[in-house]
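First comes the structure, then the notes that go with it.
The values are calculated or read from the model by the stated rules, or taken from the named source; none is laboratory data. None of these values were measured; they are calculated from a predicted model. Glycine gets a Cβ as well: all are built from the backbone with ideal geometry, and neighbour counts include every protein chain shown. Just the protein is used for accessible areas: all its heavy atoms, side chains included, with ligands, DNA and RNA removed. Shrake-Rupley method; radii C 1.70, N 1.55, O 1.52, S 1.80 Å.
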Amino acid sequence: MLLRQLFRGLRSGRASMSSAQIELSQYKYHNLDEGLIPGSTTLTADEARDLYYKMAVIRRMETVSSSMYKEKIIRGFCHLYSGQEAICVGLRSAMQPQDSVITAYRAHGWTYMMGVAPEGVMAELTGRKIGCAKGKGGSMHMYAPNFYGGNGIVGAQVPLGGGVGFAHKYRDDNGVCITLYGDGAANQGQVFETYNIAALWKLPCIFICENNQYGMGTSVDRASACTDYYTRGHYIPGLFVDGMDVLSVREAGKWALEYCRSGKGPLVMEMKTYRYFGHSMSDPGTSYRTRDEVQEVRKSRDPLLLLKSKCIEHGILSEQELTGMDKEAKKVIDVAQEVAKTAPEPDLSECYTDVFTSPYTVRGADQSINVAVGH
Amino acid sequence: MAAEYGHLLDMFRVKYDGGNTSSSSSSVASTHRTTVNDVEGCLEGNPHEPYSIALGAKHTARARVELRPCAEKESSEVRVNNVLLSEHFDYIQDREQVLFPLSVTKMYDSFHITATVQGGGRSSQSNAVRLALARAMVPFLHESLVEKLRLAGLLTRDPRRRERNKIAQHGARRKKQIMQAMRMLAPKLANSSASLATLRVSSKRCMASKHMTIRDALNSAIDEEIARDERVFLLGEEVAQYDGAYKVTKNLHKTYGDKRVIDTPITEMGFAGIAVGAAFAGLRPICEFMTFNFSLQAIDQILNSAAKSHYMSAGFVTCPIVFRGPNGMAAGVAAQHSVCYGAYYSHCPGLKVIAPYSGEDYRGLIKSAIRDDDPVVFLENELAYGNPTDISEEAQSHDFLLPIGKAHVEREGSDVTIVSFSKQVGLCLEAAELLKQELGVNAEVVNLRTLRPMDSDTIFNSVKKTNHLLTVEGGWPQSGVGAEIIARVSESDAFDYLDAPPMRVTQADIPVPYAANLERITQPQVENIVRSVKHMLNIEVNPNIRNYAH
């Protein structure tokens, strides 16, 4: 099916359409009327380029990170986003500048989308001075304006996101906080505590479950009594979205942000997606699922391929242009990789800074080390 | 002039250069008869043994006071109608009233006081004696001290016929609860005449100081901070419409409404996380835990989200949040509700941990905590809320701030350093007074005020002065605050100044039981402190203490 679409594009020559109407995947609604989101959307060539390029950069960045991890240049935790790119790219394209995001530890894609250059992300992974957290945070603790990380404790980011939403409402700044968590975190008590308060106080929060089918090594059927994560908000309206289709994600995002911005209270969304790598780099990802399953998704539901085929089918972008963007992304990431590998490590004195905002003294590992900071 | 009165010479307003040279101390060679309308007392006697007489009155009570200066190193005696002060006046409040002029001028051990009083009830009598005492002191005092007495209203007869009952009204009688609390303390002070140390929760009592409870001090401080900065808001269980589980946030919701004072459901992890997220986004939340025992539900958000984010983000994220609530012992609430979390929270870098003691501590430190850009854990104490306290004029200022990370020496001494925090500081002051009265031991009591960052320098300087160290805390001994203090002292040059191994007094190393007699012995008491000090100073070596000091 996909191959036929590709050939069709090649045969018809260069793209000539500047925009096209593209069908979206089916949504599912909970405590909401059916058909709230239209069944199709307009995609312009510029939008398509932007969406595809960003997904390609993230895909390439994560692949390179995995090889750097195998070379032991990246240490500790490394949770890769490959396969889930459509979510962060699609949502970001629907967001307004005053909106905020908070997510869990699978955060590299989001960090890039919230404004950190690939060098900033990758140098943070390799623990260098120029990393976005000066090398002190690592894979799970990256931040940017209106982006509150990068959080290591499963589920802890959900109440934090509720708090950011609270601040938006308190300040009346028309902002919404998008709070993401996985299918594994969806059973955490603090998630439900946050649902309760968000609904009570009508906080402008969108709770999004990135359901990639597995919480580490445990499939959703073995972890949750109810796997319809978009209904878990119970009294909070919910929406199920195909998380592999960047346009469906984008349209759902636009609708949801408008809903919350108008003061109607929170929403819960489930974005069905898939991760190609294991849970983290220490997990090969094959002990709890078959290689065939992974390959099947790569062939039929890959976000980049889906967008590519739609662009070619509707004549918005040509095959050459898309391949050119792949190459461009590769070049950018190769440069970033080089920077990340060669940048200097932080100064030893940085070890003791940033504990407090006001001046303080710190004890080192033995009594000979006493550092005064900020004096 | 006799050498033993030399220390009072400077204070004599009237100079003697002749006159009656009789050496008899009992002869009364008065120049005129004192009447109740004399504004100042009359200095009588001879230069070697001066004394003064003055009269005082209130309602129908009439008092006469005779003052003789004490010799140096002599301790003063106060007698009313030929019995000890404590025997004539049962209530501590009355005794405090009587000795107030001494308090204002800081002249506790300066005079022998002989008073007679008739008529009126206990309140009028104590007032009358107070007035007579103040007037009798005048001839002995320098002008500046007389002015202090005058400004405190102690030289003016109280003309009122009827007292008002509302607290915080000018000149009102104190609330029943406070009197009850003071009555509870009375037995301990039965034999001490001029001992006010254990009553005073603030070291200053000057002319414009306000008398209130610690609860009021805290309430007013939070009120002022919410008014001052629109980013400050308060959330917690029952803080709004219920006026606070312990009434600390009384009237705040009425004043500021739903936006600034918010009731939460009983979901600590959820609302603490929401508060931290709001702090990340630039607001300044005050997150109340009904008690810190429930903060364990939220401890992940406090330690992993609030405390570490500034570091993990290399300074990009700040978290200006205050977690506050009662900590440590209450009364009869048993094991799950009686734990002190000082050691738990002060263990973690990135958090500031404060444990106030006096009303001024509460006021100044909560303000500093709210204005601080770092996450602060503010450990209060339920049993302290009702305690009376004096807030000096300086501390009533809306910008009264106490520095975080500075300890305060509550009582100066020379023989042993007792370091403590929160409610136990009161216990240490009580013990210090007892040690002074019964054993002549001068204990220096250090109130830490902040657990992290801890003020090591004040502790070291004190230990270098006294050569002995005792720590007192409401938490358990293992990995506790006392252990930390002693480790720091042994790592410093103050170690060389120790004449005995340092010791700890802590909560007993068990979950707290319910039965009152059992609960009592799990808590640090005066007897634990006195026993430890006696062993440390070799006054009474205890064979059960196996630190081989002796």
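Label segment A:225-296 by shape, choosing from rounded, prolate and oblate, from the square roots a ≥ b ≥ c of the eigenvalues of the Cα gyration tensor; if a/c is under 1.5 it is rounded, and otherwise prolate applies when a/b is larger than b/c, oblate when it is not.
Working: a/c = 2.94, a/b = 2.06, b/c = 1.43.
Verdict is prolate for segment A:225-296.
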Open item on the list: Run the paramagnetic zone check for A:Ala117: 7 angstrom along Cα to Cβ, then residues of segment A:132-176 with backbone nitrogen under 18 Å.
Closed with: A:132-135, A:143-145
Task: A:Trp255 accessible area, assembled protein chains, probe 1.4 Å, Å² - done: 50
Task: Sequence-distant residues sharing a close amide H with B:Val409 (under 5 Å, placed H) - done: B:Asn447
Task: Length added when fully stretched, B:Ser479-B:Lys106, from 0.36 nm per residue minus Cα-Cα - done: 130.2 nm
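Specify whether the C-alpha gyration tensor of segment B:414-497 places it in the rounded, prolate or oblate class, a ≥ b ≥ c being the square roots of the eigenvalues: rounded for a/c under 1.5, otherwise prolate if a/b is larger than b/c and oblate if not.
Numbers: a/c = 1.94, a/b = 1.21, b/c = 1.61.
Oblate, since a/c reaches 1.5 and b/c is not below a/b.
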Task: Solvent-accessible ranking of B:Cys287, A:Cys226, largest area first, probe 1.4 Å - done: A:Cys226, B:Cys287
TODO: Taking amide H positions as placed in the peptide plane 1.01 Å from N, state which residues far from B:Tyr341 in sequence (5 or more) or on other chains have amide H under 5 Å from it.
DONE: B:Gly328
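Under a 1.4 angstrom probe, counting protein chains only, how are A:Ser67, A:Ser309, B:Ser75 ranked by accessible area, largest first?
Values: A:Ser67 45, A:Ser309 10, B:Ser75 80 Å².
In descending accessible area the options line up as B:Ser75, A:Ser67, A:Ser309.
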- [ ] May I have the extent of the alpha carbons of segment A:174-240 along their three principal axes, as whole Å values ordered from largest to smallest?
- [x] 39, 20, 19
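FRET efficiency for B:Arg157 and B:Glu72, Cβ-Cβ distance as r, R0 = 41 Å, nearest 0.05?
On the way: r = 33 Å, r/R0 = 0.82.
Efficiency computed from Cβ-Cβ geometry: 0.75.
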TODO: Mind pulling the per residue volume of the convex hull built on the Cα atoms of segment A:9-109? Å³ is fine.
DONE: 178
- [ ] Determine ³J(HN,Hα), in whole Hz, for all residues of segment A:199-204 in sequence, where each value follows from phi through the Karplus function 6.51 cos²θ - 1.76 cosθ + 1.60 and θ = phi - 60°; x replaces Gly and Pro.
- [x] 6, 4, 9, 6, 7, x
Open item on the list: Given a 1.4 Å probe and heavy atoms of the protein chains only, how would you sort B:Arg520, B:Arg449, B:Arg157, largest accessible area at the top?
Closed with: B:Arg520, B:Arg157, B:Arg449
TODO: Determine ³J(HN,Hα), in whole Hz, for all residues of segment B:252-261 in sequence, where each value follows from phi through the Karplus function 6.51 cos²θ - 1.76 cosθ + 1.60 and θ = phi - 60°; x replaces Gly and Pro.
DONE: 5, 5, 4, 6, 10, x, 5, 6, 9, 10
- [ ] Work out how far the C-alpha atoms of chain A reach from end to end along every principal axis, then list the three figures in whole Å, largest first.
- [x] 73, 49, 42
- [ ] Any chance you could check the Cα centroid distance between segment A:213-284 and segment A:311-340 for me, in angstrom?
- [x] 28
Task: Distance (nanometres) between label positions extended 7 Å along Cα→Cβ at A:Thr361 and A:Lys327 - done: 6.2
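Exactly which chymotrypsin sites (Phe, Trp or Tyr not before Pro) in segment B:452-550 are in a DSSP loop and have at most 16 other Cβ atoms within 10 Å?
On the way: sites: B:Phe460, B:Phe495, B:Tyr497, B:Tyr514, B:Tyr548; in loops: B:Tyr514, B:Tyr548.
Sparse-neighbourhood loop chymotrypsin sites (Phe, Trp or Tyr not before Pro): B:Tyr514, B:Tyr548.
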Open item on the list: Just checking the output field for A:173-179: average partner chain Cβ neighbours within 10 Å of each residue's Cβ?
Closed with: 1
Task: Inter-label distance for B:Leu401 and B:Ala508, nm, one decimal - labels placed 7 Å from Cα along Cα-to-Cβ - done: 4.4
Task: GNM top mover of A:Thr126, A:Thr342, A:Thr353 - chain A, alpha-carbon springs below 10 Å - done: A:Thr353
- [ ] Just the number, please: percent antiparallel of the DSSP beta bridges in the protein assembly as shown, rounded to the nearest 5.
- [x] 45
Task: Inter-part distance where segment B:476-515 and segment B:304-335 are each reduced to a Cα centre, Å - done: 24
Open item on the list: Suppose we keep just the DSSP beta bridges with both residues in chain A; what percent of those would be antiparallel, to 5?
Closed with: 40
Open item on the list: Using Cα-Cα distances under 8 Å and only pairs 6 or more residues apart, what relative contact order does segment B:345-438 have, in percent?
Closed with: 33
Task: Stokes-Einstein diffusion coefficient of the protein assembly as shown, Kirkwood radius over Cα pairs, 10 °C, 1.306 mPa s, in µm²/s - done: 49
- [ ] At 1.4 Å probe size, with no ligands or nucleic acids counted, give the accessible surface of A:Thr357 in Å², nearest ten.
- [x] 60
TODO: Distance between Cα centroids, segment B:77-141 to segment A:346-375: provide it in whole Å.
DONE: 56
TODO: Using only the Cα atoms of segment A:116-217, build the gyration tensor, take square roots of its eigenvalues as a ≥ b ≥ c, and label the shape rounded, prolate or oblate: rounded if a/c is under 1.5, else prolate if a/b is larger than b/c, else oblate.
DONE: oblate
Open item on the list: Taking every pair of distinct Cα atoms and averaging 1/r, then inverting, what Kirkwood hydrodynamic radius in Å comes out for segment B:284-375?
Closed with: 14.0
Open item on the list: I need two numbers for segment B:215-335: Rg to one decimal and Dmax as a whole number, Cα atoms only, in Å.
Closed with: 14.4, 45
Open item on the list: Averaged across orientations, what area in nm² does the convex hull of the alpha carbons in segment A:281-350 project?
Closed with: 8.1
Task: Whole-Å semi-axes of the ellipsoid equivalent to segment B:402-443 (Cα gyration tensor, √5λ, descending) - done: 21, 11, 7
Open item on the list: Let me cross-check A:Ser349: its accessible surface, 1.4 Å probe, with only protein heavy atoms counted, in Å² to the nearest 10?
Closed with: 70
Task: Sites B:Ser490 and A:Lys129, calculated FRET efficiency, Cβ-Cβ separation with R0 22 Å, nearest 0.05 - done: 0.05
